[in-house]
Amino acid sequence: MIELVINGESRSFPAPLTVARLIETLDLAGKRIAIEKNGEIVPRSQHAGTPLASGDRLEVVVAVGGG
């Protein structure tokens, strides 16, 4: 299991895990999101190739439309 802190909340996920797989697991696939891993933005083009490890801190921001 991989222990991550997502938006300040500790969560566990099965290993191995990439940013892309995490997005799918959180049901955020296809949504406009930004991911920050340990203080660094992860570009969308690198989601599939960015591995996650226990102790990583992530901030996930979902863009919401409206007016």
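The values are calculated or read from the model by the stated rules, or taken from the named source; none is laboratory data. Computed from a predicted structure; not experimentally measured. Note: ideal-geometry Cβ built from the backbone for every residue, glycine included; neighbour counts use all protein chains shown. In case anyone asks, the SASA skips ligands and DNA or RNA and just uses the protein heavy atoms, side chains included. Shrake-Rupley method; radii C 1.70, N 1.55, O 1.52, S 1.80 Å.
Observations on the model:
- Potential lengthening between residue 7 and residue 28 on full extension [0.36 nm per residue; Cα-Cα distance subtracted]: 6.1 nm
- Accessible solvent surface per residue of the chain, calculated while the other protein chains remain in place, 1.4 angstrom probe, Å²: 66
- Among 60, 12, 30 - extreme Cα towards positive end, dipole of the chain, charges at beta-carbon: 30
- Zero-based 5 Å bins, Cα pair distances in the chain, whole percents: 4, 17, 31, 28, 13, 4, 2, 1, 0
- Stretchable slack from residue 60 to residue 41, in nm (0.36 nm times residue separation minus alpha-carbon distance): 5.8 nm
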